[in-house]
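Step one of this worksheet: look at the structure below.
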Amino acid sequence: MPKEDVWAIEDPWEKPSPAARKNPKKTLEAKQKRRGGHPAVAFSLSLFLWGAGQIYNGQGKLGVLFLLIMANFYTLLGMIWFYGGLLASLLAPFQITPFEIFVAGALFYLCGLLLWFVSAVQAYDQSARGRPPGEKGVSSLWPPLCSLLLPGWGQLLNCQRKKGIFFLLMTLSGLLAVPALWVIPQIWPKVDRAAERLLLEKILLAALLFIPFFFLTWIIAIYDAGRIALDPDKKEPLPNRIRYAVNRLRIKGWTRGVLPHLEVVVMLSLFLAFFLVYSHYYFPKKFYADRLGSLQRTLSEEGMVLLPKVIDRALSETDSDRKNVLTPLPPSPPAPPL
């Protein structure tokens, strides 16, 4: 019987190990078990239930550990939320001030957010390990809808890890800044030391300055997730996309090759221009100046110092601009007689 050639198809993305050469079937089963399912599914599961993505990937022990951490975190957070006043009165005989309780609670909340972030990203990375580059994402309306709920979620559904992590970090910062607007005014009357009050004002000022940037990032995340979901070619690196655009221009021309791809950009630009004109017409500077003045008086009555100064500086800049616009120019001197 003539000897036949046998062709072995190997994974081009991984170099076979010595163990894989000895027992390829066992190694393939272990690799499939390690890969788990789709990275987007693993990330989404851990996003809602810490450790669920790890269990989905076959990491049962790690998944149970994250589940226990989540249960303890939400239990302690609920106790602090509902029984914070009782806790402060119990710790008062031990010379523990409300400000120190606030710092401890903030650090505990920050650690919980970081563990939530680590659980979701680790589930994504474990599921994506061993897969070829250029993984296809979810090609539907799910990415923009998910980014509407949580910035960065839609990017990871599109399998854009770096961009998704950036938006998730912005989300974590927003989840720290937004509660500060409610928590700090609640504990402000209970804080007596000037240094502690000044630190609270600085934190509140940083949160107020960051929140508009956070909401702008949120809008960008929604737009970016929808744009990539509708056209996966835009996940390509920028030099490749420029090369594709030049080729389309050469082959199809401006009308069929370039203008259809600029429709979304043109519509977004028109919407932003309309929004700016509408805001300037219905909400002029005086609208914001009146409300800032009212806020300044309220904060001064509460005993704050830093924020009223910042608001006063902003109002003085606005008044100076208005005076520069409204003040007429001095009359020119008469011409000398001939």
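The values are calculated or read from the model by the stated rules, or taken from the named source; none is laboratory data. No experiment lies behind these values; they were computed from the predicted model shown. Don't worry about glycine lacking a Cβ; one is built from the backbone with ideal geometry, like all the others, and counts go over all protein chains shown.
Assess whether F166 counts as being free of Cβ contacts under 8 Å to residues at least 24 places away in the same chain and more than 21 Å from V310 (Cβ to Cβ). Give the derivation first.
Working: free of Cβ contacts under 8 Å to residues at least 24 places away in the same chain: yes; more than 21 Å from V310 (Cβ to Cβ): yes.
Judged against the criteria, F166 is a match.
For segment 109-142, which positions are modelled with pLDDT of 90 or more and farther than 13 Å from N57 by Cα?
Y109, L110, C111, G112, L113, L114, L115, W116, F117, V118
Which condition number does L110 fail, the rest of (1) within 19 Å of F48 (Cα to Cα); (2) assigned by TED's automatic domain parsing to the domain that holds L205; (3) assigned to a helix (DSSP H, G or I) being met?
(2)
When you check F102 against the structure, is it hydrophobic (A, V, I, L, M, F, W, C) and at pLDDT 90 or above, yes or no? Spell out how you get there, then give the answer.
Values: hydrophobic (A, V, I, L, M, F, W, C): yes; at pLDDT 90 or above: no.
No.
Kindly provide the set of residues from segment 192-202 that are in contact with a helix residue (DSSP H, G or I) (Cβ under 8 Å, 6 or more places away or on another chain) and over 18 Å from P179 (Cα atoms), ordered by number.
R193, E196, L198
Among the residues of segment 292-338 satisfying the criterion of being of a type in the set (A, V, I, L, M, F, W, C) and modelled with pLDDT under 55, which is farthest from the chain's Cα centre (by Cα)?
Taking segment 292-338 as the starting set, the residues that turn out to be of a type in the set (A, V, I, L, M, F, W, C) are 292, 295, 299, 304-307, 310-311, 314-315, 325-326, 329, 335, 338.
Narrowing the set further to residues that are modelled with pLDDT under 55 leaves 325-326, 329, 335, 338.
Working: V325: 39, L326: 42, L329: 49, A335: 64, L338: 72 Å.
The selected residue is L338.
Results for (1) buried (at least 16 other Cβ atoms within 10 Å of the Cβ); (2) under 18 Å from P151 (Cα atoms); (3) in contact with a helix residue (DSSP H, G or I) (Cβ under 7 Å, 6 or more places away or on another chain); (4) modelled with pLDDT of 85 or more, shown as yes or no for each residue.
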{"site": "K190", "(1), (2), (3), (4)": "no, no, yes, yes"}
{"site": "L204", "(1), (2), (3), (4)": "yes, no, yes, yes"}
{"site": "L208", "(1), (2), (3), (4)": "no, no, no, yes"}
{"site": "F215", "(1), (2), (3), (4)": "no, yes, no, yes"}
{"site": "I222", "(1), (2), (3), (4)": "yes, yes, yes, yes"}
{"site": "D231", "(1), (2), (3), (4)": "no, no, no, no"}
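Go through segment 174-194 residue by residue and tally those that are more than 18 Å from A88 (Cβ to Cβ) and either of a type in the set (V, I, T) or not in a helix (DSSP H, G or I) (or both).
Residues in segment 174-194 being more than 18 Å from A88 (Cβ to Cβ) and either of a type in the set (V, I, T) or not in a helix (DSSP H, G or I) (or both): 1 in total.
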